[in-house]
1. Examine the stretch 263-271 for a residue that is modelled with pLDDT of 95 or more, part of a helix (DSSP H, G or I) and polar (S, T, N, Q), and state whether such a residue exists.
2. Starting from residues that are among the small types (Gly, Ala, Ser) and at pLDDT 95 or above, keep the ones in the stretch 34-69 and report whichever is surrounded by the fewest Cβ atoms within 10 Å (Cβ to Cβ).
3. Can you name the number of the only condition in (1) under 21 Å from the mean Cα position of the chain (by Cα); (2) more than 30 Å from residue 286 (Cβ to Cβ); (3) outside any helix (DSSP H, G or I) that residue 88 fails?
4. Looking at the stretch 130-158, which of its residues are of a type in the set (D, E, K, R) and part of a helix (DSSP H, G or I)?
5. Is it fair to say residue 74 is in contact (Cβ under 8 Å) with a residue 40 or more places away in the chain, surrounded by 13 or more Cβ atoms within 10 Å (Cβ to Cβ) and in a loop (DSSP other than H, G, I, E, B)?
6. If a residue must be more than 14 Å from residue 183 (Cβ to Cβ) and not in a helix (DSSP H, G or I), how many such residues does the stretch 163-173 contain?
7. Please determine, by comparing only the residues of the stretch 19-28 that are on the phi < 0 side of the Ramachandran plot and crowded, with 17+ Cβ neighbours inside 10 Å, which one is farthest from the chain's Cα centre (by Cα).
8. Does residue 223 satisfy the criteria of being in a loop (DSSP other than H, G, I, E, B) and in contact with a Lys or Arg (Cβ under 6 Å, 6 or more places away or on another chain)?
Amino acid sequence: MAAESFDSIVSDIKNRKFAPVYFFCGEEDFFIDALTDMIEKNALNEMEKAFNQTVVYGKDLTSRQIMETAGRLPMMAERQVVIIKEAQALSMKEADEEEYLRYLKKPIKSTLLVFAWKHGTPDGRKSFGKEMKKSAVYFESKPLYQNQVAPWVKNWLSQKKYKIEEQAAELLVEYTGNELAKVANELEKLIINKQAGATITLDDIESGVGISKEYNTFELNNALGTKNKTKTYQIVNYFVANPKNGPLVLILGTLQGYFSKIFLFHLNKNLTDKDIASVIKVSPFFLKDYRTAAANYTPQKLEQVFKILEEFDLRSKGVNNRSLKEGELLKEMVARILN
């Protein structure tokens, strides 16, 4: 079987179209857990689960024990389900691989066997990895790029009959990053007291997630992009007073990404708005902000900004730093960027 998409596997599970073997692997745990949970909840009814559903962990059983479990016949049901969580902990000695390969070449049709292999993929050069791709429903769960997370947030909420403001989605992603389990956890908290059809706002993000809608790295980017000195220093002073909300290492990384996008805007300014947004990996909604920032920061000025960011990255690590604290370094860095 060829590698399949998340959506196609979800569709098949909903339609009760099951395969003998599933292999979910990759760096993004969220999709692996989601598919595994769907099978665990939907392949058998509650009465059938008591005798026909086995959930084990890779470190707890040998390959022989797993294969013996998979080889049993279901009791008073069409199928049995065997789920191996943390499958990356399975022993992969030569004898173990031979056990799995024998089963994969002739799986039991009345068994639904699931491998949930996290934090990577099996070695594709070895027989086990090759045979899994060939014989199982194979899905590799890859992390989303930062610019893909806000659209994912909108889709996640849409499926649950909610909406979210564009800026609220971006602010949430700025805070959570691209770890989807963390993002989904915050979204669950945001909608718990909301009526279906409601829209998540910036105020909701501020009160529910604990992010200041005025004083965050997202707003610092905007203030620097528009060269609004008053707003910039208000945010900087907030970070100085609340260092846990704006550690210098986080701000440096965010600014590096932001100014890199402005530089890309300059390089691609003759493209259509849609194409520019695609190249710099932002929502078209925010393109006007980057157009303003590009007018304020010429390519020559951006070269200076990148040198400043590199310098303060080194100074934050103790290189050529005159014992200045993070807050003082932040104030000096921002002043030099603005001037």
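The values are calculated or read from the model by the stated rules, or taken from the named source; none is laboratory data. Note that this is a predicted model, so its numbers are computed, not measured. Reconstructed Cβ throughout: ideal geometry from the backbone, glycine too, with neighbour counts over all protein chains shown.
1. no
2. Among residues in the stretch 34-69 that are among the small types (Gly, Ala, Ser) and at pLDDT 95 or above, the one surrounded by the fewest Cβ atoms within 10 Å (Cβ to Cβ) is 34.
3. (3)
4. 130, 131, 133, 134, 154
5. no
6. 2
7. 20
8. Spelling it out, it is not the case that residue 223 is in a loop (DSSP other than H, G, I, E, B) and in contact with a Lys or Arg (Cβ under 6 Å, 6 or more places away or on another chain).
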